[in-house]
Amino acid sequence: MARILKIDEIAPGFKKYLIEEPVIASRHRAGQFVIILLSDRGERIPLTIAASDALRGTITLVVQEVGKTTMEMGTLRPGDVLRAVGPLGRPTLIERIGTCVCVGGGCGIAPLLPIARAHRDAGNRVVSILGGRTHEFVILRPEMEAVSEEVYLTTDDGSLGTRGLVTHALERYVEISGRPDLVVAIGPAVMMRAVAEMTRPMGVETVVSLNTIMIDGTGMCGGCRVPVGGESKFVCVDGPEFDGHQVDFDMLIKRQRIYLEQEETARRRFLAHHECRAAAVGG
């Protein structure tokens, strides 16, 4: 069992969990994830590890409360325990390549952090481009700044950095500094697709993480199957990182929408249940 040591709300609907899990912390490498189980009858949820400390025996998870299980996780407190299995997935390939531009959107900044740190530690020049709807959703800025030589910030409403999209910032960076050696993009599928289409004509290797489509995390359910380079891949066991120029993003986006109705039903039931409990306690 893994014990929660600390919980910080870092943005509306986003919490950062510091969890005591020595075995996973000692084995974790950038790009890997864990499976979290809140109870014996609960849903298994895959969450990418945002940081690990082998000496302290801790891992850090950043969770956006969007569905029933992540909202239920949001009710936990320091001292509570949960089950964590991992680390799972193929680690990020880290090599000495030169300049790596890390592009993160919203919750995608969390899994991007250990990748940026690993590239920096390998001697690469790390440039980060971070975006969100508003300034509140450009998360983990101090942590990303600490591992980057340059940081560009964008928001949809202009409340932080430059008004616009991460692709606009990437285009400006290329105009000023030239072609990077590698681009790593993590965020909404439409964002990753836009980045991949921008870098394709440049011939810049582009890695994307498809972690948000994972369900079971073991390859048994088949829910994360996505065409990559004309072949069917399971994100959880073959990835979660792939060549962005080979991913069929149209199919990926369709698969992400398959369970929207069921997810919304579960979310409404959870909210109704907790509102009833709150009313009973208050009464």
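So here's what we get for this one:
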{"item": "Output for the range 180-192, where each listed residue is at pLDDT below 95 and open to solvent by 60 Å² or more (accessible area, probe 1.4 Å)", "result": "188, 190"}
{"item": "Positions within the range 199-223 being more than 22 Å from residue 94 (Cα to Cα), touching a residue at least 24 places away in the same chain (Cβ under 8 Å), of a type in the set (A, V, I, L, M, F, W, C) and part of a loop (DSSP other than H, G, I, E, B), in sequence order", "result": "214, 215"}
{"item": "Which listed residue, of 60, 48, 92, 99, is farther than 29 Å from residue 204 by Cβ and polar (S, T, N, Q)", "result": "60"}
{"item": "Residues within the range 145-159 that are open to solvent by less than 60 Å² (accessible area, probe 1.4 Å) and over 18 Å from residue 113 (Cβ atoms), tallied", "result": "3"}
{"item": "Subset tally (residues that are surrounded by 21 or more Cβ atoms within 10 Å (Cβ to Cβ) and out of contact with any helix residue (DSSP H, G or I) (no Cβ under 6 Å at 6 or more places or on another chain)) for the range 86-98", "result": "1"}
{"item": "In the range 17-27, the residues that are open to solvent by 10 Å² or more (accessible area, probe 1.4 Å) and touching a residue at least 60 places away in the same chain (Cβ under 8 Å)", "result": "21, 27"}
{"item": "Breaking point among (1) modelled with pLDDT of 95 or more; (2) surrounded by fewer than 18 Cβ atoms within 10 Å (Cβ to Cβ), for residue 177", "result": "(1)"}
{"item": "Scope the range 141-176; condition farther than 24 Å from residue 16 by Cα and among the hydrophobic types (A, V, I, L, M, F, W, C); matching residues", "result": "165, 169, 170, 174, 176"}
{"item": "Which listed residue, of 201, 227, is within 21 Å of the chain's Cα centre (by Cα), over 18 Å from residue 106 (Cα atoms) and of a type outside the set (A, V, I, L, M, F, W, C)", "result": "227"}
{"item": "Residue within the range 195-208 that is in contact with a Lys or Arg (Cβ under 7 Å, 6 or more places away or on another chain), small (Gly, Ala, Ser) and farther than 22 Å from residue 137 by Cα present", "result": "no"}
{"item": "Count of residues meeting criterion [crowded, with 20+ Cβ neighbours inside 10 Å and at pLDDT 80 or above] in the range 214-227", "result": "1"}
{"item": "Output for the range 1-45, where each listed residue is of a type in the set (S, T, N, Q), in contact with a Gly (Cβ under 8 Å, 6 or more places away or on another chain) and not in a helix (DSSP H, G or I)", "result": "32"}
{"item": "Sole exception among (1) open to solvent by 10 Å² or more (accessible area, probe 1.4 Å); (2) modelled with pLDDT of 95 or more for residue 101, by number", "result": "(1)"}
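Per-residue answers, yes or no, for (1) open to solvent by less than 10 Å² (accessible area, probe 1.4 Å); (2) of a type outside the set (Val, Ile, Thr):
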{"site": "34", "(1), (2)": "yes, no"}
{"site": "44", "(1), (2)": "no, yes"}
{"site": "50", "(1), (2)": "yes, yes"}
{"site": "80", "(1), (2)": "no, yes"}
{"site": "84", "(1), (2)": "no, yes"}
{"site": "110", "(1), (2)": "yes, yes"}
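The values are calculated or read from the model by the stated rules, or taken from the named source; none is laboratory data. Here the structure is a predicted model, which is why all the values come from computation and not from measurement. A quick note on method: Cβ atoms are made from the backbone with ideal geometry, for glycine too, and the neighbour counts reach across all protein chains shown. The protein model used for the area step is the full one, side chains on, heavy atoms only, and it has no ligands, DNA or RNA in it. Shrake-Rupley method; radii C 1.70, N 1.55, O 1.52, S 1.80 Å.
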